[in-house]
Amino acid sequence: MSYLNESRFIFNDECPSLSADEILSELGLPREMIEKGKVRKAFDSVQKEVKDLIHMSASAAYFKMPDTSGHPIPVGTEVVGVIITIGSDISRRSDEYFAKGKYTKGMILNEIADYCLITYEKMIKERLTVLSSRKGMVLGRLYESPEEMPISELRYVWNAVAAGDTIGVNITRESTLNPIKSSCFILKVEEPGDQG
């Protein structure tokens, strides 16, 4: 974790340990196929690459929602905005496998990428809960892009955390995050006893 200032943080982490059962079962494959055969061998093969392909980073900032904010997060609400990414290398490698007709390896790498992104989001929420507690605050409701956050708020969080400079995440013309395996969320900050 890098300490930027009183209200902004950067996190850099390594890929979590991966279980073949966990990853392959998410692909909807039967247990027999997971335990034996080419699918298990494909997982073992791509797992060797994963540590070099996944670069987990997050940038977070505490701020008040701006005047341009609308539903569902009111203007002036105290929040912590976060952008996380696992980088672009794993998506690029997955695409290479698909282009070469190695669909099983491509699918497994893509599933690993999704697993790591979800796992990292949980890790960052836990860390921010601890950091907020040290500041005498409690984290409340989570708002996640794109379902619960207008594009204007995604852009505001991106600017507030300086994601382009700090963790190399940019916004495309279509208002999506790049690298693809990135996400944005906002957590409402509350005083102890205000939850409910």
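The values are calculated or read from the model by the stated rules, or taken from the named source; none is laboratory data. What you are looking at is a predicted structure, and each value in this text was computed from that prediction instead of being measured. Ideal geometry is used to build each Cβ from the backbone, glycine not excepted, and the neighbour counts take in all protein chains shown. Note: areas computed on protein heavy atoms with side chains; ligands, DNA, RNA excluded. Shrake-Rupley method; radii C 1.70, N 1.55, O 1.52, S 1.80 Å.
Here's a check for you: in segment 124-145, which residue that is in a helix (DSSP H, G or I) and open to solvent by 30 Å² or more (accessible area, probe 1.4 Å) is farthest from residue 187 (Cα to Cα)?
Initial filter on segment 124-145 (in a helix (DSSP H, G or I)): 124-134.
Now restrict to residues that are open to solvent by 30 Å² or more (accessible area, probe 1.4 Å): 125-127, 129-130, 133-134.
On the way: 125: 9, 126: 12, 127: 13, 129: 10, 130: 13, 133: 13, 134: 16 Å.
Only one residue tops the list, namely 134.
Could you please let me know if residue 42 is under 26 Å from residue 179 (Cβ atoms), aliphatic (A, V, I, L, M) and at pLDDT 95 or above? No; evaluated as a whole, the condition is false for this residue. Yes or no: residue 144 within 30 Å of residue 49 (Cβ to Cβ) and touching a strand residue (DSSP E or B) at 6+ places or on another chain (Cβ under 6 Å)? Yes, satisfied.
Would you say residue 170 is touching a Gly at 6+ places or on another chain (Cβ under 7 Å), over 26 Å from residue 28 (Cα atoms) and either open to solvent by 50 Å² or more (accessible area, probe 1.4 Å) or free of Cβ contacts under 8 Å to residues at least 12 places away in the same chain (or both)? In short, yes. For segment 37-80, residues that are open to solvent by less than 30 Å² (accessible area, probe 1.4 Å), closer than 17 Å to residue 110 by Cβ and not aromatic (Phe, Trp, Tyr) total 7. For segment 146-180, filtering for residues that are hydrophobic (A, V, I, L, M, F, W, C), touching a helix residue (DSSP H, G or I) at 6+ places or on another chain (Cβ under 9 Å) and either assigned to a loop (DSSP other than H, G, I, E, B) or under 15 Å from residue 80 (Cβ atoms) (or both) leaves 6. Inspection of segment 73-88 identifies no residue that is in a loop (DSSP other than H, G, I, E, B), of a type in the set (Asp, Glu) and more than 19 Å from the chain's Cα centre (by Cα).
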